[in-house]
Amino acid sequence: MDAGRTGLIAIGASIACTFAVAVAGPSVMEPVLPGRPGQPPWSLGWHPSAYLVVALTAAGLAAGTLGLVLVLRALRAGWAVPAWAIVAAGLLAATALTLVPPFGSSDHLSYAAYGRMLVTGHNPYTTTPAQLAALGDPVARAVQDWSASPSVYGPLATAIQALASLFGGTSVRLTVFGLGLANLAAFGVTALLLHRMTRGQPARQLRAALLWAGNPLLLQVLVAGAHVDTQAVVFGVAAVRMCWPGGAGGSSGTVGPSWPRAAAAGILVGLGFGVKVTAALVGLGLAIALVLRLGRQQRLVAPLAALGAGFAVTAAAAIAIGGSAMLRQSEQASNMVSIGSPWRVIRTIIHLVISGTAATDIVKAGAIALTVVLAVLLIRGIPGILDDPAGAAAGPAAAGVAFALVLAWLFAWPYVLPWYDALGWALLPLVPMVSAPVVDRIGWLLLARTAALGFGYLPARASDVTMPAGLTWLQPVIRHGVTPVILAGTTVTLVILMVRSGRR
């Protein structure tokens, strides 16, 4: 059996494991969803053992990682299947995972509470789920890990959460299903955009399908987890599409987007900012791509200004709606350091000699500096970005710069979770094809990182979870030990790879 077919079988097994964990019902991986019996999302209500669901989730991650390695290597060797078949299969899998309860974290319960706040006249940026629960609200009472935290998401995300709350009423189950439908729509549109943007190049189109729609790691940590990040990703990819004249085939007479398209791209980035502020990295990448080419193409001044204006207007509206409380919550969230991040170890060491909040400030400054360094190295080291492309290459180069900024943030920032990598996976297949060997190596690093985070957060829950004695080693060994080491290793390897590539 060839490697490509074996890889597809492994991916199918991974998706089957993911679905099995979700459909089995509440467990240490899956929080309870209060609601009337018979309401979607549906499960068998078996309450499986922690050993079974953790083993199935880990098996899904392992099979998915192996499957991606095999199919991507086979693709490089000339293996092929129709890209549309992978997209269709991936969207069918995503639909199936939307019909069963989310698992992996309890974030979706917090989303439901934030939407409920808006519907009931409370400000989600100043009200905590615990405060709403104290008033007797049934939706807020279901929140677990983030019950003391107001929303850190933008007003567009809150509006979508409010629509789901209107749909679900006082039923947590039905509200979460509404959120899942919104995420499914965003995931599907992203898949179709990537398929459209890579048309005319079958190998590239198939790669895009495998990296997004058919990516078993994303189907587990992002789709099955019902995370709001999916909604931010679709606006980022759509913004890149606006700066992608003619798709992969390109129009040879164009050197970049017209100013109306650039303005539309800025608006789309602003909408992504209205979901999660980190979506602004895509807009910054598109702007840098235009600036890098201004010296030879003065006509790009108007698109650059239009891009900035479109984003400024939309982002300003989001900030005006969210108010200072939204910015304050975002600022506080930016100071957080994940247990699985290498920065956690660094902050602990700094704490030995410096007390108070100074250690957090030092870590944050270090992360910002590392982000800038990585972004510069990636822009210099990925072939095709600095070649002043025109025509068909203009869009891919812009996507490459956006990818460089997003990847730099992912690898450098102290607060890391597996589903955050979704934006990097979405932009990876859009990088210029001339950089294929280098980007392949970057893809392996991203795969190692996402897999390590996936294993490290089994599960990403703390409240209402009691792990049996035989599984208590998972957090101290994997999350505290193995995951930070792998993340540090991938970051160092990325730096070495980009330095070498930049020299060449």
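Listing for the model above:
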{"item": "Orientation-averaged projected area, Cα convex hull of the chain (nm²)", "result": "23.1"}
{"item": "Per-peptide average of other Cβ atoms within 10 Å, ordering 313-325, 355-367, 63-75, 337-349 highest first", "result": "63-75, 337-349, 313-325, 355-367"}
{"item": "Debye intensity ratio in log₁₀ form over the Cα atoms of the stretch 1-136, taken at each q of 0.19, 0.21, 0.22 Å⁻¹", "result": "-1.07, -1.17, -1.23"}
{"item": "Positive-end extreme of charge dipole, the chain - chosen from W419, L487, A469 (charges on Cβ)", "result": "L487"}
{"item": "The stretch 102-140-the stretch 1-15 distance, computed between alpha-carbon centres (Å)", "result": "40"}
{"item": "Square roots of five times the Cα gyration tensor eigenvalues for the stretch 1-227, Å", "result": "35, 20, 13"}
{"item": "Interchain or long-range residues, amide H under 5 Å from Y125's placed H", "result": "S151"}
{"item": "Kyte-Doolittle mean at least 1.6 and Cα axial length at least 15 Å: DSSP H helices in the chain", "result": "3-24, 50-76, 83-98, 280-292, 358-381, 394-412"}
{"item": "Packing rank of 260-272, 115-127, 146-158, where each peptide gets the mean count of other beta carbons within 10 Å, highest leading", "result": "260-272, 146-158, 115-127"}
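Bear in mind that the values in this text are calculations on the coordinates, not laboratory data. Note that the coordinates shown come from a computational prediction; the quantities given were computed from them, not determined experimentally. Here the Cβ is made from the backbone with ideal geometry for all residues, glycine too, and neighbour counts use every protein chain on show.
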